[in-house]
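Here's the structure, in C-alpha cells; my notes come after.
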Amino acid sequence: MSTEPPPGKHAAPRRGWAALLGRRRPAPPTEPPTEPSPEPPTEPRPTSVPPGVPPSEPLDEAEGPDGVDKRVLGSSAVMAAGTIVSRLSGYVRGILLAAALGTQMHADLFAIGNTIPNMVYILLAGGVFNAVLVPQLVRAMKNDPDAGEAYVNRIVTLSVLFLGTVTVALVLAAPWVMSLYLDSDFNSPELAAQRESAIDFARYCLPQVFFYGMFVLVGQILNARGKFGPMMWAPIANNVISVVVLVVYLFVFGPVAKDDLNSAYSSSQELVLGIGSTLGIVAQLLILLPFLRAAGVRYRPRFDFVGTGLGRTFRLAGWTIGFVIVNQLAYTVVVRLASSGTSAAAAEGELGTGYFVYSQAFLIMMVPHSVVTVSLMTAILPRLSGAAADRDLRRVASTLAGTLRTTLAFVVPAVTLVVVVAGDLANVIWGYGAASDSFGVFVPSLVLFAPAMVLFTIHYSMLRGFYALERTRTVFFVQCLIATVNIGLAVLLVQRANLYDTAPALVLAYGLAYAVGALVSYTVLGRALGGLHTGRFLLFWLKLLPTVAVAGGIAWLLRLQVGPVVRDDSSPLQAALTAGGVGVVFLLVLLLVARLLRLGEVNEVVSTVTRRLRRR
C-alpha cells in the first residue's frame, strides 16, 4: 500500500519509511498540500467453587470437537455484544472528531491532552487492577471464610485514597506532565499558544485518572463474580456523552477552517471539549455501581491494611507495576515522536501525520481485539486462575490454546478485510468536514496495523496465562524486550521518515516489536506449561492462512474493479457501499473455504452464532 499523499498534496523532505524496505519514493507533486453468572454466595463458602469459576471437571468435556470451549463462547457473547455497540458508538465519535478538528496539529492537541489521563492511570494502577486483581479476588472468594468481602472492602478503600491523591497532584503538575509528551518544537514561541491549549486540556481531563481507575476496579470485581456484561456495556455511555458534546461543539463553533488546522483553541472550546470528555468517564463509572450492589457487594470502608493478606497482592503487583512502567515509557516515546510529525509539518506548511492519525487508526484496528480477544480472555481468566490454583497445568494449557485459536479465527480474517477496504473505510469514518480532504492519511497506518494486531493478539493471550500462574516477573522481562525494540525502531524509523510517514513509521515499529514479543512469550509460557498444543496450532495456521488468502485475494480483485484504493471523488456513502459489498463476498468465500478445509474454529463460531439467532 503506498503512503503517497493524496493528489494535490506534498510531503516535507524527510526520507520515507518505504526507503527502509528498499523502495524509492516518487517525487511529490509541486502543488501545496495538505488498548469484564452466577450470583455470589450470600454466606461463607470456603469449600465451594467461587462464582465465575467452573467446577474442576476435565476441560475436554466442555469443549467442542476442535478445542473451542462452548461455555467460554457463550460467556463472552454478552461482552462481545457490548463491545460491538460501544465500538459503533465510538465510530460516531471518531467521525465527529475528525469532522470538527481535522487531522493535523489542531486535532493532535486535543487527542494528546485527552489521552494522557488514560496513559497515566495505566502507568499508576491499571496493570495491577487488570492483571493481578482478578486472580487474587478469585482466590479470596474461594479460600476466605467471608468469600472475599473484607478483601474487596480494603482494596476499594485503598484505591480511593491512592487514586484521589494522585489525581489532585497530577492536575497541579499538568504543565510538567505535558512536557513529557510534547515534542520540543512546542517550546518555541511560535507554538506557545498551542502548548497552552494542550496543558489546558490536560487540566480538564486529568481528573479522569480517578474515574478510570475506579471504573476498572469495580468492573474487575464484577468480572470475578461472573458478571462480565456491565463493564463491556458501560463505555457506551461515555461515547454517547462524547457524541453529544461534539455535536454541540460543531453547532456552536463549527469545523475548524482549513487555514486553522494547526491552530490553538479558544478557552471556550477547551472548556466544552475538556469537561465534556471527563463527564463521559464519570458516567461510565456511575453506571457500574447498581450492578455492584446487585452482585451482592456491600462496600464498607476498611482501613486495617496491615496483616490482612494485601502484602501478597502488592508483591505480585511489584513486577506488574514494572511491566506497566516499561510499557508506558515506550508509549510516551511514541506519543512524543508522533507529536513531532504535525508540529514540524505546521512549521513547514506541509501535510504531516501525528498522534491523532496513529491513535485513531489504532482504535479502529483494535476493534477485532476488543470485541473478540478481550471478551474471550476475560471470560477464561477466572477459569485459568482456578486451574492454576489447583496446579492443573494441563487444563491451563488446553483452555488457553483453544481460546487462542478461536480468537485468531476472528482476528486474522477481520484485519485482512480491513487491508482490502482500507481506503473505503478511511473515507467512511473520517471523510467529513475538516478531514474530508485528508482522510487518505489514515490508510497506510490501517494497513500496517493489520499484521501488528495479529502479533499483539498472540502476545496478549500469552499474558493471561502468565498472570494466572502469577508469573509477573516473567511478564516484566518480556515487556522490557518489547519496549526496547519498540523504542529503538520508533526513533530510527521516524528519523528516516518524512513528516507524512511519521504515523506509519510508528506503526511499523509497533508491529516488529510485538513480533518479537509474541515469539518470546509463546515459547516461554509453553515451556512453563509443558506445551501449548503447538502441533495443533501449526495445523490451525496451515488451514487458516490459505482460507484467508483465497478470501482476501478474491475480495481484492473485486475491489480493484471498482477503482483506485483511495478515491477523493467518492462520497462516504459510495465508499460504504463498496466496502460492504466487498465484505460480503469476502465473508462468503471465507466460510466456504473454511468448511471445505474443515477449519473447526471458524465452523464452531458460526454454529454458535447460528444457534443464538435461532433462539431469537
Total residues in the stretch 317-333, condition modelled with pLDDT under 85 and either over 24 Å from the mean Cα position of the chain (by Cα) or of a type in the set (S, T, N, Q) (or both): 3
Subset of the stretch 172-213 [crowded, with 17+ Cβ neighbours inside 10 Å and aliphatic (A, V, I, L, M)]: A174, V177, M178, L182, L191, A198, I199, A202, L206, V209
Yes/no for L499 being open to solvent by less than 10 Å² (accessible area, probe 1.4 Å), over 24 Å from the mean Cα position of the chain (by Cα) and not polar (S, T, N, Q): yes
Qualifying residue in the stretch 550-572 (condition: open to solvent by 50 Å² or more (accessible area, probe 1.4 Å), closer than 17 Å to F456 by Cβ and either modelled with pLDDT of 90 or more or not in a helix (DSSP H, G or I) (or both)): no
Single residue of V585, V609 found to be out of contact with any Cys (no Cβ under 8 Å at 6 or more places or on another chain), closer than 25 Å to A409 by Cα, at pLDDT below 75 and open to solvent by 30 Å² or more (accessible area, probe 1.4 Å): V609
Close pairs (7 angstrom Cβ cut-off, 6 or more residues apart or separate chains): within 14 Å of A99 (Cβ to Cβ) in the stretch 238-260, open to solvent by 40 Å² or more (accessible area, probe 1.4 Å) and of a type in the set (A, V, I, L, M) anywhere: V243/V92; V245/V272; V248/V272; Y249/V272
From the options V282, V240, residue that is modelled with pLDDT of 85 or more and either open to solvent by 50 Å² or more (accessible area, probe 1.4 Å) or among the polar types (S, T, N, Q) (or both): V240
Single unsatisfied condition, T157 versus (1) open to solvent by less than 10 Å² (accessible area, probe 1.4 Å); (2) more than 25 Å from the chain's Cα centre (by Cα); (3) modelled with pLDDT under 75: (3)
Check on R394, open to solvent by 10 Å² or more (accessible area, probe 1.4 Å) and on the phi < 0 side of the Ramachandran plot: yes
Checklist (1) modelled with pLDDT under 70; (2) open to solvent by less than 10 Å² (accessible area, probe 1.4 Å); (3) not hydrophobic (A, V, I, L, M, F, W, C) applied to G102, failing item: (1)
When residues of the stretch 244-263 are limited to those that are open to solvent by less than 30 Å² (accessible area, probe 1.4 Å) and aliphatic (A, V, I, L, M), the one nearest to Q104 (Cα to Cα): L261
Qualifying residue in the stretch 338-345 (condition: within 17 Å of the chain's Cα centre (by Cα) and crowded, with 21+ Cβ neighbours inside 10 Å): no
Subset of the stretch 466-490 [closer than 15 Å to W319 by Cβ and small (G, A, S)]: A468, A483
Of the criteria (1) of a type outside the set (D, E); (2) modelled with pLDDT under 90; (3) on the phi < 0 side of the Ramachandran plot, which one G530 fails: (3)
Positions within the stretch 339-357 being assigned to a helix (DSSP H, G or I) and of a type in the set (D, E), in sequence order: E348
Tally, over the stretch 471-495, of residues that are touching a Leu at 6+ places or on another chain (Cβ under 6 Å) and open to solvent by 20 Å² or more (accessible area, probe 1.4 Å): 1
Selected residue [within 18 Å of the chain's Cα centre (by Cα) and either open to solvent by less than 10 Å² (accessible area, probe 1.4 Å) or not aromatic (F, W, Y) (or both)] from A409, A450: A450
Test: S267 is at pLDDT 85 or above and open to solvent by less than 50 Å² (accessible area, probe 1.4 Å): no
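Residues checked against (1) at pLDDT 75 or above; (2) closer than 19 Å to V218 by Cα; (3) assigned to a helix (DSSP H, G or I):
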position: T308; (1), (2), (3): no, no, no
position: R315; (1), (2), (3): no, no, yes
position: V335; (1), (2), (3): yes, no, yes
position: F362; (1), (2), (3): yes, no, yes
position: M377; (1), (2), (3): yes, yes, yes
Residue among R383, R395, R405, R391 that alone is out of contact with any helix residue (DSSP H, G or I) (no Cβ under 9 Å at 6 or more places or on another chain) and basic (K, R): R391
Residue check for Y514: open to solvent by 10 Å² or more (accessible area, probe 1.4 Å) and touching a His at 6+ places or on another chain (Cβ under 6 Å): yes
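The values are calculated or read from the model by the stated rules, or taken from the named source; none is laboratory data. No experiment lies behind these values; they were computed from the predicted model shown. Cβ sites come from the backbone with ideal geometry, for glycine too, and all protein chains shown count toward neighbours. SASA here: full protein model, heavy atoms, side chains in, ligands and nucleic acids out. Shrake-Rupley method; radii C 1.70, N 1.55, O 1.52, S 1.80 Å.
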